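Let me begin by presenting the structure, written as structure tokens, before commenting on it.
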Amino acid sequence: MKTKTDANNALVKQVKQWKKDQAIISLTIEEMLKEAKGKKCIIEQKVDGQTGLLGYDGNDPKFATLGGVLYWDLPVLDEIKKILKAKNITHARIVGEMAGYENGKIIPFNETESIIKNSKADKTKVHWFIYHIIELNDEKYDTKSFEQYTRTWPELKKLFRGAKYVHAVQDYAGGPADIKKAWNKLVLKNKNEGLVVRLPNNRVYKAKPVFSYDLVILAVGDKKKGKNWPKKMISMTLMAFMDKEHVFRTAGHVASGFNDQESKKLFSWAQKNKVDEDNTYVWVKPQKIMEIQYERTTLKEMPAYKYSKGKYEKVNKLMSGTIVKPRFIRWRTDKSATPSDLRLEQIPDWNKRNKMATKIASNFLQALAPSHETGIKKQDPDEKLKYDRWEYDTIADETTQPLRFSLSDLIRSLVQNAKS
């Protein structure tokens, strides 16, 4: 196997654009069933692997991952070349997941990484799980179109039928009853990562059995009264989403899920990648992506930062999702610090609930301090509005996913906007 990191490679750029175009929305299984009610859908197994693009132009094919890594000279790629050549295909761009496969089962992502990184590991265990054609010979497909997907998906499955190292993801077609059936078999029974569901409105959704986000580390620190630092260990990491303007919106700290060895590795990594230091944090290059599990998310204004030329610049507080009871799950080496991989839309129904929260706070503020000009009394609204610990619960009957917002932060923001 050969590999190369090249974030500017055309295949890497193409798979990143595909990911951005999919704009995958995270839902709970209950929300997913509600969203799909009365609609036809395609339900797919969510594979726990490295998302990437197969590039083939009549010569040796390559895999390009979202993390900007190119792979070639693998048994699975040799098989793909043989299949495509036999079927007179001279050009192909196909999206899928590179994952370890052994004894008829997909192996955990960390084991797949070990196989890829270990030069002596058996590379026949590296398989390719396909699910989306972007280009095939002279055809270019609209990857946002549900109608085109329903037409090309059967063709893709047929193309690699009978292959040893290439598999079509398991799928179902139908409605909510079929989603439930797929959930019971693929997720609960077979322990797959989750489901991907495509609906006729051209939207793509994912449902997973645990709530998780992909976030980037901005800084590390020691909350245990300085006890870990002398041991060359960290006790917490400051995590963030990234919005479409490349601003990092902090989400809070992760302080659990690390063992001592992981904590020491993080300390060492932070020293090598340090860009600044203060009384609270060692600030690091925004490179390391972590998947975290959490109990609930609170919508509130949080510190936000821009990163440029090796420095963090603090900007105004911005609305973000703060993680409650977060826990480290794993590193995502297949992800990078981009608005696509760290998107705020990972928060279930982010756009809708952010808008709802702002509207409720605005109405509440106007009711408290009516004014025909701004809706705010002129006499020191900051003193009048003291709701520092008030969190308004927006979930009601909308979702089983706990999601809240801080009313005080929203009111404070609206007051400042009115002042200016």
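List of remarks:
- Residue ID - nearest to Thr90 (Cα to Cα), chosen from residues in the range 118-147 that are of a type in the set (A, V, I, L, M, F, W, C) and within 28 Å of the chain's Cα centre (by Cα): Leu136
- Residues located in the range 278-290, provided they are more than 23 Å from the chain's Cα centre (by Cα) and surrounded by 13 or more Cβ atoms within 10 Å (Cβ to Cβ): Tyr281, Val282
- Whichever residue in the range 4-39 is among the charged types (D, E, K, R) and crowded, with 16+ Cβ neighbours inside 10 Å and, among such residues, is modelled with the lowest pLDDT: Glu31
- Test set (1) closer than 13 Å to Val196 by Cα; (2) buried (at least 22 other Cβ atoms within 10 Å of the Cβ); (3) touching an Asp or Glu at 6+ places or on another chain (Cβ under 9 Å) - Ile42 fails condition number: (2)
- So Thr150, is it under 22 Å from Asn201 (Cα atoms) and in the same structural domain as Ala10 (by TED's automatic domain parsing): yes
- Some residue of the range 296-304 being in contact (Cβ under 8 Å) with a residue 40 or more places away in the chain, of a type outside the set (D, E, K, R), within 28 Å of Glu97 (Cα to Cα) and in contact with a Pro (Cβ under 9 Å, 6 or more places away or on another chain): no
- Put simply, of Asp48, Asp57, Asp73 the only residue that is surrounded by fewer than 23 Cβ atoms within 10 Å (Cβ to Cβ) and in contact with a His (Cβ under 9 Å, 6 or more places away or on another chain) is Asp57.
- Residues of the range 3-23 satisfying the condition of being of a type in the set (Ser, Thr, Tyr) and within 16 Å of Ser145 (Cβ to Cβ): none
- Condition met for Gly104 (among the small types (Gly, Ala, Ser), at pLDDT below 95 and surrounded by fewer than 14 Cβ atoms within 10 Å (Cβ to Cβ)): yes
- Per-region count, the range 141-159, residues touching a residue at least 40 places away in the same chain (Cβ under 8 Å) and β-branched (Val, Ile, Thr): 2
- Scanning the range 267-310 for residues that are charged (D, E, K, R) and out of contact with any Leu (no Cβ under 7 Å at 6 or more places or on another chain) turns up Lys272, Lys274, Asp276, Glu277, Asp278, Lys285, Lys288, Glu291, Glu295, Lys300, Lys306, Lys309.
Residue-by-condition table, conditions (1) touching a residue at least 12 places away in the same chain (Cβ under 8 Å); (2) more than 16 Å from Lys40 (Cβ to Cβ); (3) among the basic types (Lys, Arg):
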site	(1), (2), (3)
Glu139	no, yes, no
Arg161	no, yes, yes
Ile179	yes, no, no
Trp183	yes, yes, no
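The values are calculated or read from the model by the stated rules, or taken from the named source; none is laboratory data. None of these values were measured; they are calculated from a predicted model. As a convention, Cβ positions derive from the backbone with ideal geometry for all residues, glycine included, and neighbour counts pool all protein chains shown.
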